[in-house]
Every structure is written in structure tokens, then in C-alpha cells.
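Shown next, in C-alpha cells, is the structure this report addresses.
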Amino acid sequence: MRLPYQMGGEVLLSGFDRFFLMNADDAARYAAEVLHLFEPGEDLRCREIGDGNINYVFRITSETSGRSVIIKQADKLLRSSGRPLDVRRSKIEARALQLEGALAPGLVPEIYHCDETMAVISMEDISDYRNLRSELAENRIYPHLAEQISFFCKHAFALHRPRAGPTGEKRTDLLFYQSRAVRNHRGFGADRTV
């Protein structure tokens, strides 16, 4: 279920031409009518799976085919306080995940589409992976976790640039950065193999 990555070219269909906060029914309709991920008349099930205070995350599954997609919508307000938020953060997160996916293929969810108007990212459903935070809270041990996280960090966060050392020899410095999207990411797949 791969869509061409789209950013900016919004599809103006079925009332999704202006921002509004979607509920589960809207998200299922969005997946079918805007993303065209499901056949017309497919029996879709949608539920909100987000546990955060900032975004709404929906998992849409076809009862017919078993295919699924995640739709994450940025809200304009913080749920707990009503403080205003900038919905452009969803575009930044989509770009960060796309870059991290290019640098560390297979280690971040694939981005299918980014809709700036609706502040929506549609992405690969990684619900089959375990949530690392929960697994560690349950004292589960993952013997290769350090190697897997190191591999991901090396490929996704390290930018190499050659520089001359004090004696003129070439060396490579690593510049580490951590995007806001990564700092806020809550479900790194603990049992994903590298």
C-alpha cells in the first residue's frame, strides 16, 4: 500500500478543503475519499489510538482486506489547556520522518501523504510493533536494543562532514541533531530487527 509521497498538493474533496478537527468517521472517510486507500463500499473500522495531548491519531482498518493506515492530525489547541498550537508542525514532522526514512530505511514508519490544509499525515501502520516505553516499564529485556538504537542514531541523526585535523589530516566530525518529531515520538519498535 504505497502512495507517492505528496506534500503541498492538496486534494480538495468532500469537505476536506478547510481545516476542521476530524472524528473517527471523518478519518475513515478521509482515508477512502482523499487517500483512495480503500475500495468504495469497503467495510472500514476506525478508532482513535492516540494517547497524547497534542495530536489525534486514528487507525483505519478494512474488515474486507485487512489493510490499515494511520492518520495523524495536528490540533490547533492543546487538549489540556486550550493553548494555541501551530498546525504546521505536522508538515515538519512528515519531512523529518521522510528524511529519517531515507537515512535509515525500514526503521521509521513510511509516510504516504501530508495534507497541509487538514494538518494530516498518513503513514504506515506499525501497530504490530511493541511500544518500547511500555516494554521497558514491564522490565522486558531486549538483548540487541543498544545495537539497534545505535544503528538507528548513526544512520538517522549523524551528518558526516570531512574536516582537516590540527596536523592537516582528514577526519570526519559527527554533528548530531534531534528533531522535535523524534523527541516526541512515542513508539519506537522494540523488536524491529536491524
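The values are calculated or read from the model by the stated rules, or taken from the named source; none is laboratory data. All of these numbers come straight from a predicted model, not from anything done at the bench. Backbone-built Cβ (ideal geometry, glycine too); neighbour counts: all protein chains shown. Each accessible area value is taken on the protein alone, full model and side chains, heavy atoms only, with ligands, DNA and RNA left out. Shrake-Rupley method; radii C 1.70, N 1.55, O 1.52, S 1.80 Å.
Structure notes:
A quick yes/no check of all residues on (1) among the charged types (D, E, K, R); (2) over 16 Å from Ala119 (Cα atoms); (3) modelled with pLDDT of 90 or more:
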position	(1), (2), (3)
Tyr56	no, no, yes
Ile60	no, yes, yes
Ser65	no, yes, yes
Ser68	no, yes, yes
Ser80	no, yes, no
Arg83	yes, yes, yes
Lys91	yes, no, yes
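- Count of residues meeting criterion [surrounded by 14 or more Cβ atoms within 10 Å (Cβ to Cβ) and either part of a loop (DSSP other than H, G, I, E, B) or among the aromatic types (Phe, Trp, Tyr) (or both)] in region 29-48: 6
- Considering residues of region 85-111 that are among the β-branched types (Val, Ile, Thr) and under 13 Å from the mean Cα position of the chain (by Cα) only, the residue most open to solvent (accessible area, probe 1.4 Å): Ile92
- Residues being in contact with a Lys or Arg (Cβ under 9 Å, 6 or more places away or on another chain), over 11 Å from Ile121 (Cα atoms) and surrounded by 16 or more Cβ atoms within 10 Å (Cβ to Cβ) - total across region 73-84: 0
- The listed residues are Arg59, Arg140, Arg130, and the only one of them that is surrounded by 13 or more Cβ atoms within 10 Å (Cβ to Cβ) and within 24 Å of Ala31 (Cβ to Cβ) turns out to be Arg59.
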